[in-house]
Amino acid sequence: MENLLLWGFYLLTFYAFLPGLVSRTFGFKVFKKGRTEREIALTFDDGPDPVYTPQLLDLLARYDAKATFFVVGAHAELQPELLRRMRDEGHVIGIHNYVHKSNWLMRPSTVKKQIRRTCDIIREATGERASYYRPPWGIVNLFDFSNLGYLKIILWSSLFGDWRIRLGADRLGKRIMKKLNPGEVLLLHDCGQTWGADPDAPANMLKALEACLIEGLRRGYRFVHIEEMIALTERNKPLHTGLGKRLLVGLWMLWESAFHVLFRLKPVSGGADEPAFHYRMTTYGGPPVKLEDGVTLSKGDPIAELHFDNRMLQNVARHSSSPLGVAIHLLRVMEKALPLLASSLLADPKAENIRAVYGITMIHRGASRLGFDVVELPENWFARISRIYLRLLFRILTSNRAPRKKRSAGAGGTKNSMSPRMLLMSRERILRFASPLDFTDEECRRSVQTQELPAGGTVAESASVSSTSTVH
Ligand SMILES: [Zn+2]
């Protein structure tokens with residue numbers, strides 16, 4: 001029963017709950033609304049259509065409006081000349097899968113193939129690599145974040161039901177007019193050939209759009225593609241976190257507490273201090289390992305599984321200015337907490353027969369100095385999911401910092417230099433901590449620095465220890 005609950009929790013967290021929440025609320029790799037003085041972004045999905053897309057391009061040219069086309073690969077394949085025309089006339093082309101199907105209905109590898117295939121079609125026609133992706137119906141799953149690499153997900157701030165012909169051009173025009181405000185990302189459709197759409201609905205869209213283009217220009221607005229909208233928004237970014245994000249962090253903490261209660265995690269408290277971590281009794285599920293002090297660990301052995309406290313992590317992240325800073329800070333926390341953990345284990349009758357303590361973390365620098373064996377995880381789905389989860393978690397925890405400098409390496413650049421590792425320590429060894437250690441700051445710093453730092457990594461990527469991700 002407990003296992004069933006656990007897997008339910010993971011499935012929900014990894015596949016649906018977390019990505020939706022994170023992407024919509026944080027704009028993590030996702031853009032859906034801009035912050036501009038007088039620019040509006042026009043986006044058109046599902047095309048190109050041999051009849052309506054040329055008419056749309058004519059219309060946009062007449063009013064000097066630029067747009068972004070999220071093309072369906074299977075349609076684009078048949079209309080390479082339309083893709084070239086889009087590029088020549090200054091529009092941006094993005095990817096909308098190869099066939100118009102929801103990402104929740106496809107395996108992650110299928111989604112990846114769809115994206116790659118469409119990307120190739122665009123490159124063959126225009127010589128340019130697409131930078132933007134819009135999943136059909138805006139539905140993302142967690143794997144999209146790792147599948148996309150350099151691609152940025154673009155959602156929208158307003159959509160209008162323009163795929164239904166019975167809405168009529170007038171009503172559609174009124175709906176769009178209401179959203180004719182700077183920063184909006186408007187979603188319209190230049191093709192009615194997808195499931196659930198009416199084939200001739202784009203005729204209404206063209207009529208309604210023209211009225212809106214005229215009104216928009218009269219008000220002094222500019223119609224821009226998504227690239228310009230993003231660039232302008234970056235420039236106007238505020239420095240402080242809004243209420244929404246703070247609320248979400250609160251929600252996250254609540255979710256974590258629920259997990260702790262459900263799986264009976266015990267805090268390792270440091271008196272008046274907040275707990276540094278929690279532990280629970282479980283069995284080891286990884287590959288067999290021989291620890292440095294000769295203890296071997298195989299599947300099914302009883303262990304104590306460690307989970308860092310997220311509130312503590314949030315504090316550490318807030319007070320450190322670099323990945324190195326986080327690692328040093330955390331090493332000091334660990335150093336103080338290990339004796340407390342040792343005493344808790346000694347006092348806990350359930351911990352009597354454990355063979356080791358175990359945890360999974362991205363911050364393994366310096367951990368061996370404390371007496372942990374640092375073991376690489378076999379590269380499988382578990383390692384991949386942990387990696388994604390740990391990064392998302394860290395973004396959430398550090399979300400009320402000022403925006404960091406833009407990374408130069410791009411989304412995929414630092415991926416391989418960080419991977420979650422298992423930290424293991426035999427029971428005998430951890431119990432020796434019952435008398436406290438004493439490192440000097442200098443020793444602490446040295447042990448961290450001697451280990452490699454990920455090239456160009458940011459705090460968000462190189463440092464994160466999860467609470468809920470360590471379960472096998
Ligand atoms: Zn679509």
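Numerical summary
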quantity: Filter result for residue 164 (surrounded by 18 or more Cβ atoms within 10 Å (Cβ to Cβ), within 16 Å of the ligand (Cβ to nearest atom) and not aromatic (Phe, Trp, Tyr)); calculated: no
quantity: Scope the stretch 357-384; condition among the small types (Gly, Ala, Ser) and surrounded by fewer than 23 Cβ atoms within 10 Å (Cβ to Cβ); matching residues; calculated: 368, 371, 383
quantity: Test for residue 71: is it touching a residue at least 24 places away in the same chain (Cβ under 8 Å) and within 16 Å of the ligand (Cβ to nearest atom); calculated: yes
quantity: Filter result (part of a helix (DSSP H, G or I), more than 35 Å from the chain's Cα centre (by Cα) and over 21 Å from residue 89 (Cα atoms)) within the stretch 208-234; calculated: 208, 211, 215, 218
quantity: Count of the stretch 43-65 residues which are more than 16 Å from the ligand (Cβ to nearest atom) and crowded, with 20+ Cβ neighbours inside 10 Å; calculated: 3
quantity: Any hit, the stretch 35-52, residues being in contact (Cβ under 8 Å) with a residue 24 or more places away in the chain and in a helix (DSSP H, G or I); calculated: yes
quantity: Residue in the stretch 97-110 that is crowded, with 20+ Cβ neighbours inside 10 Å, within 16 Å of the ligand (Cβ to nearest atom), at pLDDT below 95 and over 15 Å from residue 191 (Cβ atoms) present; calculated: yes
quantity: Residue match in the stretch 169-185 (condition: buried (at least 22 other Cβ atoms within 10 Å of the Cβ), in contact (Cβ under 8 Å) with a residue 40 or more places away in the chain and either within 14 Å of the ligand (Cβ to nearest atom) or basic (Lys, Arg) (or both)); calculated: no
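The values are calculated or read from the model by the stated rules, or taken from the named source; none is laboratory data. It should be emphasised that the depicted structure is a prediction, and the values quoted were computed from it without experimental measurement. Cβ sites come from the backbone with ideal geometry, for glycine too, and all protein chains shown count toward neighbours.
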